[in-house]
Amino acid sequence: LLLHLTFLKVFKSLQQTVVLFLLGCLCSWLLQGLGWRDSLGAVGRSYTMWMGIDPHLLLFTLLPPLLAGDAMSIDTHLAKRVAKQCLYLAGPGVVINTALTAAFLYYYLPY
């Protein structure tokens, strides 16, 4: 269904993740907002169970395979070419942004 939606002219310029998000919002609106959850039987019960799942469990279960899959398919030539930029952003970039955020919050918050 997702691939078919991405071939429509309306969704042609959108990424698949955006279309998946919009499809999820539509399904949630139909099931939760219009109250179709109780009248759909097993689909409604499945939706209710998925909405009751702990978000941390979902994150800790799905994130490692996604990261490993991306790490396995990385272009090593490209990674070597941008390694210095990544280290610059991971080191001094994080420290500078942390200091700027701390300074902003120090003057913004009424403590």
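The values are calculated or read from the model by the stated rules, or taken from the named source; none is laboratory data. Since we're looking at a predicted model, the values are computed, not measured. Glycine gets a Cβ as well: all are built from the backbone with ideal geometry, and neighbour counts include every protein chain shown. Just the protein is used for accessible areas: all its heavy atoms, side chains included, with ligands, DNA and RNA removed. Shrake-Rupley method; radii C 1.70, N 1.55, O 1.52, S 1.80 Å.
Overview of results
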read-out	value
Within the stretch 6-34, tally of residues that are hydrophobic (A, V, I, L, M, F, W, C) and closer than 21 Å to SER46 by Cβ	11
Number of the condition not met by TYR111 [criteria: (1) open to solvent by 60 Å² or more (accessible area, probe 1.4 Å); (2) part of a helix (DSSP H, G or I)]	(2)
Enumeration of residues in the stretch 1-20 that are of a type in the set (S, T, N, Q) and outside any helix (DSSP H, G or I)	SER13, GLN15
Positions within the stretch 51-64 being closer than 29 Å to LEU31 by Cα and assigned to a helix (DSSP H, G or I), in sequence order	MET51, PRO55, HIS56, LEU57, LEU58, LEU59, PHE60, THR61, LEU62, LEU63
Boolean, LEU23 is more than 19 Å from the chain's Cα centre (by Cα), assigned to a helix (DSSP H, G or I), surrounded by 10 or more Cβ atoms within 10 Å (Cβ to Cβ) and not small (Gly, Ala, Ser)	no
Test for LEU62: is it under 16 Å from the mean Cα position of the chain (by Cα) and surrounded by 10 or more Cβ atoms within 10 Å (Cβ to Cβ)	yes
Single condition THR98 does not satisfy, out of (1) assigned to a helix (DSSP H, G or I); (2) within 24 Å of the chain's Cα centre (by Cα); (3) closer than 30 Å to LEU5 by Cα	(3)
Some residue of the stretch 92-99 being open to solvent by 70 Å² or more (accessible area, probe 1.4 Å) and at pLDDT below 85	no
